[in-house]
Every structure is written in structure tokens, then in C-alpha cells.
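K.L.:
My questions will all concern the structure given below.
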Amino acid sequence: MSKTLQDLCILVIFTILLSFLVWLPFHLKLNNLYGLDFSAGSASIYRNFDGLEYIVIAKSLYDPKIIAGLPYALSANYYASHFPGYALLMLPFAPVLGFLKSMVLISLFFTVTSAIAFYFLVRDFKLTSHPLLLSVIFLILPARWLIVHSVGSAEPMFIFFTILAIYFFMKFEKQKKYYFIFLTGLAGFFAQFTRPPGILLFIALVIFTLWEIRRKNLPILHRLYDTIIYLAPLTLIPAALFAIFYWFQISYNDFFAYFRSGDNIHLTFPPFQVFNQNQFWVGSIWLEDIIYIFILGLLGGLLLLKQKLYPMAFFVLTYLGASMFVAHRDISRYLLPIFPFILISFEKILVSREFKIVLVIIALAIYLYAENFLIANTAPVPNLSVFN
């Protein structure tokens, strides 16, 4: 067995075991593990936000009449804030597994593929001499990621396509083979079809492309040619956004329904309104951790610039810049798509002996944080059978 295949097998097994460990206390219905009560059982995993909302989309395909007939469903316009990629994938599996199991297993599948994509990213571009170790760390950190990829959520799918897009873009930068930039656009298309922030990938890559072309100081016709070669395939990303908005036009008779989906749009002005306790999705003064998240993000982005990993750096800094206008207590979840690249920026520290010691010590804390969160972060749905 080759070293690569061996590493991939380890990654797949580790991902499945990690999810199993997260789910185990719920399946056993333990009523006292470190003081935590799991007696509600595995229903807590299925009821975690926002998985059930994607089941509503899968069942209704945004049809307001169908949504109105589904028990516990919110107003039809609310679902326009959730993009359809993840929900659509449930449809082929639901007749066999049911929607609830399909929801969680799709998250698990894309967690595995995200780890594999991350592994090839750091290995193929020689970003670390320990690709397996860094990929294992990627599955655990940040701790909010462990929670998200253990329940029904669109983030694993979005992160997979984002890593894939950056991988193909860097391949194009290195080899100048046109099909790599087309694959970048295609991966970006699916990222955009999965979650609204996919457009930030497009913006970041466009800014980088224009910066790179200008930096080379080429003749004007050469610049124009390079701009077309780079940007034409990338327009697949906004094309996905247009397709979704056109879908909303058909379903809601409102092309811009996404922007009228209620309090799910958390963008505010001026920036850093997340530190205003009066914002609807903040409601707390205990926000010091967000300062550290922004520090790590900005520092990681600047380190990527220093390491000349420009596509990653531009994506991290663009995404982070937009996130400064997000007023939501759960900012760590919003920033999950940049964390794979933040880990790369701190690679030398993360593969060090000292960090391995820290990770062993803190592993239980990460696990308890995840379990404590999963117990509480549940939708008030007493009867899950209506979602199957």
C-alpha cells in the first residue's frame, strides 16, 4: 500500500471514529457524563440547528404552499437565506435512509472529502512535511468545526468545494493548464450553490487575479488576454448565484428574496457590530473570544502573504473583511471556511512537539465543549418523524 493511500485510509477511519465518539453518549442516553445529560438520545443530533431547515427545503424546493403545509416550518421567505446544494443532495438518499439519516451522513461524507482535499492541498504544494498530522488537526480545530461536521449542516460541503477551488486555482497558477481554472470555476459554482458566502470566493480570486496581472507589468494586450483567461471560468460562481435568485423569482415571485428573508441577514454597518450587545443575534457582553478569533484570522492571512501563498491569503482576508460586518455571536461558525488556510499559515507551530502535547491535554476540553453545545443547540421540535 502506498504512503498516500495509507494516509487516506487513516483519515477516513479517524473521521468516522471521531464522529462516532461525538454521537456515542447520545446513542447510549447517558444521564451523567462529566455532569452532562444525554438522556434525550440521538434525537438531539438530528434536532441541532440548522439541519432540519435544509430538510424543509429538500421537501418543498422552496414552494411556499408546500412549506406552509409542513409542521413546525417557519415562514416561507425565511428559507431563502439557505441555499439549496446541501438540501438537494438529500433527495436521492431519502427514499432509502430517510431525510434525517441522509442529512447527517451527507455531512459526514463531505467531512471525509474535506479532509482528503485538505490533505492533497498541503501535500501537493509541499506546505508541510506532515500532511497526515495537519489533516488530522484540521478535523479537530477549530472546536466549532467538530460540532458542525457532527450534525446536519451545509458547512462541510461548502468547505470541501472551497478547498477544492483553491487547490485547482493554485494548480492553474503553477502549471497554466486551462482545465484547472475551469475546475476552479466549477468547484466555486458548487460552493456558491451550497452557501451564500460562496460569492466571497469569486471576489477574492478576482481581486487576486487583477493584482497579479498588474504586478507582472505585461503589455496591455497580454494583460487583457490573461484577464479573460482567468476570469471567464470564474464567472461560473456568480452564475450559480443568479440561478438561485432566478429560482427564488419562480418560487417567491421575488428575485431578491434572499435579502428579504428576515433576521437571517446579519450584515451591519459600521463594522464590528458584533460587539454591540443590543444586536439581535448578539445579546451578550461576554465576547472576548471573538477578539482572539479576529486576531488569529488577520495574523493567519498576513502570514499567508508572507509565505507567498497569495490565493489563500486573498481569500482569507476578503472573507475576514466581510465577516467584520457580521453581527452574530456565533462568528466562529461564520469563519469556518477560512480556518483550513489559517491552519496552513501556522503549520510550523501546529506540527511541533510542543503543540502535540497541548493538543493531547486540550482534547478532552474540545470534546466536552462539543457535547455541551450539541445538547443545548437544538430546535424545539418534539416530533422528528414529520421530517422523515
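Just so it is clear, none of the values below were taken in a lab; they were calculated from the coordinates. All values reported here derive from a predicted model rather than from experimental measurement. Cβ coordinates were reconstructed from backbone atoms using ideal geometry, including for glycine residues, and neighbour counts include every protein chain displayed.
K.L.:
Using unit Cβ charges (K, R positive; D, E negative) and no other charged atoms, how large, in debye to the nearest 20, is the dipole of segment 110-246 about its Cα centre?
P.N.:
Numbers: 12 positive and 5 negative charges, 76 e Å.
Roughly 360 debye, rounded to the nearest 20.
K.L.:
How many times 2.2 N^0.38 Å is the alpha carbon radius of gyration of segment 1-129?
P.N.:
On the way: Rg = 18.4 Å, N = 129, 2.2 N^0.38 = 13.9 Å.
Taking N as the residue count of segment 1-129, the ratio is 1.32.
K.L.:
Same structure, new question: Treating only the Cβ of Lys, Arg, Asp and Glu as charged (+1, +1, -1, -1), what charge dipole size does segment 194-353 show about its Cα centre? Round to the nearest 20 debye. If you can, show how the numbers build up before the last one.
P.N.:
On the way: 12 positive and 8 negative charges, 115 e Å.
Roughly 560 debye, rounded to the nearest 20.
K.L.:
Could I ask something else about it? Return 324, 90, 312 ranked ascending by Cβ neighbour count within 10 Å, so the fewest neighbours appear first.
P.N.:
Numbers: 324 16, 90 24, 312 28.
Sorted ascending by nearby Cβ count, the order is 324, 90, 312.
K.L.:
Oh, and also: Dividing the Cα radius of gyration by the Kirkwood radius, what Rg/Rh value follows for the chain? Before the final figure, lay out each step's value.
P.N.:
Working: Rg = 21.1 Å, Rh = 22.0 Å.
Across the chain, the Cα-based Rg/Rh ratio is 0.96.
K.L.:
Which pairs in the list 29/356; 3/101; 171/308; 3/177; 174/348 are over 25 Å apart, alpha-carbon to alpha-carbon? Before the final figure, lay out each step's value.
P.N.:
Values: 29/356 32 Å; 3/101 33 Å; 171/308 15 Å; 3/177 27 Å; 174/348 23 Å.
Over 25 Å apart, Cα to Cα: 29/356; 3/101; 3/177.
K.L.:
Rounded, prolate or oblate: which one fits segment 264-388, using the alpha carbon gyration tensor with axes a ≥ b ≥ c (rounded when a/c is under 1.5, else prolate when a/b beats b/c, else oblate)? Intermediate values should be presented prior to the final figure.
P.N.:
Values: a/c = 1.91, a/b = 1.25, b/c = 1.53.
In terms of gyration-tensor shape, oblate.
K.L.:
Just tell me, in residue order, which DSSP H segments of the chain are both 30 angstrom or longer along the helix axis (alpha-carbon based) and at least -1.0 in mean Kyte-Doolittle hydropathy. Show your work: numbers first, answer last.
P.N.:
Numbers: long enough: 3-28 (36 Å, 1.71); 99-124 (37 Å, 1.51); 353-376 (35 Å, 1.56).
Qualifying helices, which must be both long enough and hydrophobic enough, are 3-28, 99-124, 353-376.
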